[in-house]
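S.K.: One structure, pasted below without further comment.
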Amino acid sequence: MQIEEELAGFSPKQDMLLTIGVFDGVHLGHKHLISQLKEHAKQQNLLTGVVTFRQHPQEVVPPQTKLPFLTDLAERTTLLKNEGIQAIIPLSFTYELAQLSARQFLTLLKKYLRMRGLVIGPDFALGRNREGNPNTLLTLGQDMNFSVIVVPPIMINDEVVSSTAIRNALADGDVKKVHNLIGRSFRLCGRVITGAGRGIELGFPTANLDINPEQALPAEGVYATWAYIDDKAYQSVTNIGKRPTFGGNERMVEVYVLDYHSDLYEHELKIDIVERLRGEKKFDTLKELKKQIAEDVKQGRAILNSRGRN
């Protein structure tokens, strides 16, 4: 069984307190739960562990909904480590795993990860047909000798902080709300690839990012951003969209890095999105477009100068 093969690769030297989930975005709700995990683990002298998944369960379990991700596994792992998690266990969420009962799955976690307890949210469920809800897990915990701690969610402006709420805010271009829900600016990462060169013609050479097509993106428009090149931060303005002035139909992410004059081709760029400047617009002439870009740069610089980085 694949899950056993993956779990067998971990050999914790100490009993563990675990939480389980995709943790897409590692937002403030996740951080709240993780803080409880760390506190209870410290009290019980247990290691902290996060069992996460390479695929979102909704992609595997019917009706098999494909969700754009907020953070890929590598970024998620980094963010979880930054929160002080001692062990991160990524598992492949397969149909075979989805068919395990709650008891079967938890038996594997006890066997391979020395699980002594679970920290979960009130809407958590695991196992075939989501049978392992908090009440079921509390009963199983008494029978199988592990603790279950249910952590209430956190609310911001009367809304539960969730990955779904963040995806919805991104789709609306409301990056301020996204920032409030995740506690930091939304980040995009990608390698710089060859573009059409139109930015150079306009006097604003842009870096075109090769973004994973499954990456969640903000609504089409122009954004004030911070660009990180070799770990150094630069002010930037980023366009996300199809470039209607040029008749484009493919969604692109183009970054104009202010005060940077070296070649960025093949560099890995990280972009923190700070504020939406405007929606995407089709211009009648290149002169009008060039004038608007200059205004975007002026406005973006003013915003970034006033706010700094988070």
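The values are calculated or read from the model by the stated rules, or taken from the named source; none is laboratory data. The model shown is predicted, which means the values in this text are computed figures rather than measured ones. Every residue, glycine as well, gets a Cβ built from its backbone with ideal geometry; the counts of neighbours run over all protein chains shown.
S.K.: Can you say whether Asn305 is of a type in the set (S, T, N, Q) and modelled with pLDDT under 90, as far as the supplied structure shows?
M.R.: no
S.K.: Something else about it: Run down Tyr223, Tyr234 and say which single residue is surrounded by fewer than 19 Cβ atoms within 10 Å (Cβ to Cβ), at pLDDT 90 or above and among the hydroxyl-bearing types (Ser, Thr, Tyr).
M.R.: Result of the check over Tyr223, Tyr234: Tyr234.
S.K.: Exactly one of these conditions fails for Glu214: (1) at pLDDT 90 or above; (2) among the acidic types (Asp, Glu); (3) over 28 Å from Ile20 (Cβ atoms). Give me its number.
M.R.: It fails just one condition, (3).
S.K.: Taking strands (runs of 3 or more DSSP E) that do not extend beyond region 10-118, which have at least 2 residues that are surrounded by 20 or more Cβ atoms within 10 Å (Cβ to Cβ)?
M.R.: Qualifying strands (runs of 3 or more DSSP E): 16-20, 47-53.
S.K.: OK, next. Is it the case that region 20-28 has a residue that's within 23 Å of Gly132 (Cβ to Cβ) and more than 21 Å from the chain's Cα centre (by Cα)?
M.R.: No, that holds for no residue.
S.K.: Check region 48-64 and report whether any residue there is out of contact with any Ser or Thr (no Cβ under 7 Å at 6 or more places or on another chain) and either among the basic types (Lys, Arg) or more than 20 Å from Leu126 (Cβ to Cβ) (or both).
M.R.: no
S.K.: Being at pLDDT below 90, surrounded by 13 or more Cβ atoms within 10 Å (Cβ to Cβ) and of a type outside the set (S, T, N, Q) narrows it down to one residue among Lys281, Lys287, Lys270; which is it? Steps first, answer last, please.
M.R.: Working: Lys287 fails: surrounded by 13 or more Cβ atoms within 10 Å (Cβ to Cβ); Lys270 fails: at pLDDT below 90.
Of the residues listed, the single one that is at pLDDT below 90, surrounded by 13 or more Cβ atoms within 10 Å (Cβ to Cβ) and of a type outside the set (S, T, N, Q) is Lys281.
S.K.: If I filter region 130-138 for residues that are charged (D, E, K, R), out of contact with any Cys (no Cβ under 7 Å at 6 or more places or on another chain) and under 30 Å from Glu5 (Cβ atoms), do I get at least one hit?
M.R.: Yes; the residues of region 130-138 include at least one that is charged (D, E, K, R), out of contact with any Cys (no Cβ under 7 Å at 6 or more places or on another chain) and under 30 Å from Glu5 (Cβ atoms).
S.K.: Residues of region 261-310 being without any contact (Cβ under 8 Å) to a residue 24 or more places away in the chain and in a strand (DSSP E or B), which ones?
M.R.: Residues satisfying the conditions do not exist here.
S.K.: Given the condition within 24 Å of Val160 (Cβ to Cβ) and either at pLDDT below 95 or of a type in the set (A, V, I, L, M, F, W, C) (or both), answer yes or no: does some residue in region 103-117 qualify?
M.R.: The answer is no, given that none of the residues of region 103-117 is within 24 Å of Val160 (Cβ to Cβ) and either at pLDDT below 95 or of a type in the set (A, V, I, L, M, F, W, C) (or both).
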